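Chemist: Below: one structure in structure tokens.
The values are calculated or read from the model by the stated rules, or taken from the named source; none is laboratory data. A quick note: this is a predicted structure, and the numbers were derived from the prediction, not measured. FYI the Cβ positions are ideal-geometry reconstructions off the backbone, even for glycines, and counts take in every protein chain you see.
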């Protein structure tokens, strides 16, 4: 059966010292708990090595928030998938809406990044989702289908089975707006059907699809109760240990 996962995305927040303190606090709280889901924290690249040391890998996986679409070479400021792997991180977040919007990442770029992440033994948390204009035009299904097809459907079934999908209604990120549990379930079920049409029901039913749009302790339980919502990719609420644990406790 597919795994339920609560993943935090710290984005460009926390100094190294603040990040290690937050990770340590989270580790201390979770040490006393029996978890009903996987827990991942996506931290700034310069934090990864120290955060990996600060947490129990059996309870908390560590993710990079991005990696390069090149293997190595003269790409100043970039961080390769091999470098991410060498830090002890197990996951990498790819295709976040902010990377697509602010840095012009295309489905082709993300295809290249996904291949390198998988080749280096990382689990991609692959983000898809529509902006408000697309949702208002009722084009959300078309948008997510194209994003998945162009970036991921070249993969073999075995390779695709290593991907975690994260659906982000971009209009709900940091806006306080939340897709209703019914809206989330509807598009998650559609995403699963797209995967099933390509790879079959077994692969689709074992693919974790996370919800990523203003998920908080107050609404997590209702969202996670939906059949095709397998957890969350959490932004703001992941920056506070108590709030993040509140979402983990929704499972």
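Chemist: In this structure, is residue 63 under 27 Å from residue 129 (Cβ atoms) and in a strand (DSSP E or B)?
Modeler: yes
Chemist: Test residue 178 against the criterion of being over 19 Å from residue 93 (Cβ atoms) and touching a helix residue (DSSP H, G or I) at 6+ places or on another chain (Cβ under 6 Å), and give yes or no.
Modeler: yes
Chemist: Given the criterion at negative phi, surrounded by 24 or more Cβ atoms within 10 Å (Cβ to Cβ) and in contact with a helix residue (DSSP H, G or I) (Cβ under 7 Å, 6 or more places away or on another chain), identify the matching residue among 9, 27, 69.
Modeler: 9
Chemist: Residue 121 - would you say it is surrounded by fewer than 20 Cβ atoms within 10 Å (Cβ to Cβ), out of contact with any helix residue (DSSP H, G or I) (no Cβ under 9 Å at 6 or more places or on another chain) and at pLDDT 95 or above?
Modeler: No: the conditions fail for residue 121.
Chemist: While we're on this one: Looking only at residues in the stretch 217-250 that are part of a loop (DSSP other than H, G, I, E, B) and crowded, with 19+ Cβ neighbours inside 10 Å, which one is farthest from the chain's Cα centre (by Cα)?
Modeler: Per the stated criteria, the residue is 250.
Chemist: Give me the residue from the stretch 152-167 that is part of a loop (DSSP other than H, G, I, E, B) and in contact with a strand residue (DSSP E or B) (Cβ under 7 Å, 6 or more places away or on another chain) and, out of that set, nearest to residue 96 (Cα to Cα).
Modeler: That would be 163.
Chemist: Give 149, 130, 134 a once-over and let me know the one that is farther than 18 Å from residue 84 by Cβ, over 15 Å from the mean Cα position of the chain (by Cα) and assigned to a loop (DSSP other than H, G, I, E, B).
Modeler: 130
Chemist: State whether one or more residues within the stretch 40-48 are surrounded by fewer than 20 Cβ atoms within 10 Å (Cβ to Cβ), in contact (Cβ under 8 Å) with a residue 24 or more places away in the chain and under 13 Å from the mean Cα position of the chain (by Cα).
Modeler: Scanning the stretch 40-48, I find no residue that is surrounded by fewer than 20 Cβ atoms within 10 Å (Cβ to Cβ), in contact (Cβ under 8 Å) with a residue 24 or more places away in the chain and under 13 Å from the mean Cα position of the chain (by Cα), so the answer is no.
Chemist: If you don't mind, there's one more thing I want to ask. Which of (1) touching a strand residue (DSSP E or B) at 6+ places or on another chain (Cβ under 8 Å); (2) under 18 Å from residue 125 (Cβ atoms); (3) assigned to a helix (DSSP H, G or I) is the odd one out, the single condition residue 19 does not satisfy?
Modeler: Every condition holds for residue 19 apart from (2).
Chemist: Are there any pairs with C-beta distances below 6 angstrom linking a residue in the stretch 169-198 that is at negative phi and outside any loop (DSSP other than H, G, I, E, B) to a residue that is surrounded by fewer than 19 Cβ atoms within 10 Å (Cβ to Cβ) and modelled with pLDDT under 80, with the two at least 6 apart or on different chains, and if so which?
Modeler: none
Chemist: Output the number of residues of the stretch 85-99 satisfying the condition of being closer than 16 Å to residue 151 by Cβ and either in contact with a strand residue (DSSP E or B) (Cβ under 7 Å, 6 or more places away or on another chain) or without any contact (Cβ under 8 Å) to a residue 24 or more places away in the chain (or both).
Modeler: 6
Chemist: Filter the stretch 150-159 down to the residues that are in contact with a helix residue (DSSP H, G or I) (Cβ under 8 Å, 6 or more places away or on another chain) and surrounded by fewer than 22 Cβ atoms within 10 Å (Cβ to Cβ) and list them by number.
Modeler: 150, 153, 154, 155, 157, 159 - these are the residues of the stretch 150-159 that are in contact with a helix residue (DSSP H, G or I) (Cβ under 8 Å, 6 or more places away or on another chain) and surrounded by fewer than 22 Cβ atoms within 10 Å (Cβ to Cβ).
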